[in-house]
Amino acid sequence: MHLFKKTIFILLLFLNSLLTAQDDSEKILAQYNELANYIPKSLEKDTVYNPEIRISKFPFNSIANIKVHHTIRHFTTLTPKEIAWLEEKISTLAIALHAEGKYFLVGQIGGSSGCHAKDLIDTLYLNTIKFTRLNFCHGCTDGYIDEEFIEIFNAKMYQLLQIRQSDLKTHLFYGTYIGKGEKRSKIELTLTSERTFTLQINKKDAVEFSEGLWENDNDTLILTSKKMNQSNINTFELKAVEFRLKNPYRRSKLIRLSPERWKLKKVL
């Protein structure tokens, strides 16, 4: 009897966890649909009929709306004028969202691993700016359908916010680096996934500190400090100071190009 009660208790816990997961998924899906279907005020009366553009009679004023109509690009033959019109609509949507302070990015999930509700919406920070990324679900062979949409929309949003678009090597820079050699051993540089950095130099009688934003150009790290008003430590500013990333897939190192040649090794 004791075993039976214990089994029932475990089953009830399991069923409760399933119901909770289902409730959470439904909430995420509802939030996703709300965000994807949001229409900026400037695009509420978007479509002006153009007889030269066969798809112009449909509204193109939300992420979900444009995604649906963009799909036809791969299932019918559009004229160059129609393609240019469609791509302009994607950029216009990004501009309208940006103007309202709604910073979206779009991406993809799925493939052989399938799509899970928890992965549909991401929150990320770049240059201290908060982004909401909406991910489109796709199968193993249809990911190509949204590639142009994703590239055009994200590139325009990055451009509007003056943020360099990440590339495949961006994540290799994340982490903390310390100076190599006795002369540079007191240097510590931390690069975060939010594209911010802190640089601290410990000297005998003082600590020098700087922080700001970073970006990468292929294997080159570029640091630009922000102005700080802190009286308790000595602060300094860097303006487009460059480091070269060495051995990015193994024991990463950063080498300052000029004016002083620093060598930093990655520890975290």
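None of the figures in this text is laboratory data; all of them are computed from the coordinates on show. Note that the structure is a prediction, hence the values are computed from the model and not measured. Cβ: placed from backbone, ideal geometry, glycine included. Neighbour counts: every protein chain shown.
So the values come out like this:
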| quantity | calculated |
| --- | --- |
| Long-range amide H partners of LEU105 with built H, under 5 Å | THR132, ARG133, LEU134 |
| Binned Cα-Cα distance frequencies in the chain - 5 Å width, integer % | 1, 5, 9, 12, 12, 11, 10, 9, 9, 8, 6, 4, 2, 1, 0, 0 |
| Integer Hz, Karplus 6.51/-1.76/1.60 couplings in order for segment 81-94, x for Gly and Pro | 5, 5, 5, 4, 5, 5, 5, 5, 5, 5, 5, 4, 4, 4 |
| Protection proxy ranking of 259-265, 66-72 - average other beta-carbon atoms within 10 Å, highest first | 66-72, 259-265 |
| Reach of LYS81 by Cα under 24 Å, taken over lysines that are not fewer than 8 positions away in the same chain | LYS45, LYS57, LYS67, LYS89, LYS156 |
| Pair LEU124, ALA206: separation of 7 Å Cα→Cβ label points (nm) | 3.9 nm |
| Proximal lysines relative to LYS266, as straight alpha-carbon distance under 29 Å, when same-chain residues fewer than 8 apart are discounted | LYS130, LYS169, LYS180, LYS183, LYS186, LYS203, LYS204, LYS226, LYS227, LYS239, LYS246, LYS253 |
| Ordering of 85-98, 189-202 by packing [mean C-beta count within 10 Å, highest first] | 85-98, 189-202 |
| Inter-probe distance in nm under a simple model that places probes 7 Å from Cα toward Cβ, at LYS265 and LYS180 | 0.7 nm |
| Helix-only [θ]222 nm of the chain, DSSP H runs n ≥ 4, -39500 (n - 2.57) each, per residue, nearest 500 | -10000 deg cm²/dmol |
| Calculated FRET efficiency for the pair ARG244/ILE83, C-beta based, R₀ 35 Å, to 0.05 | 0.30 |
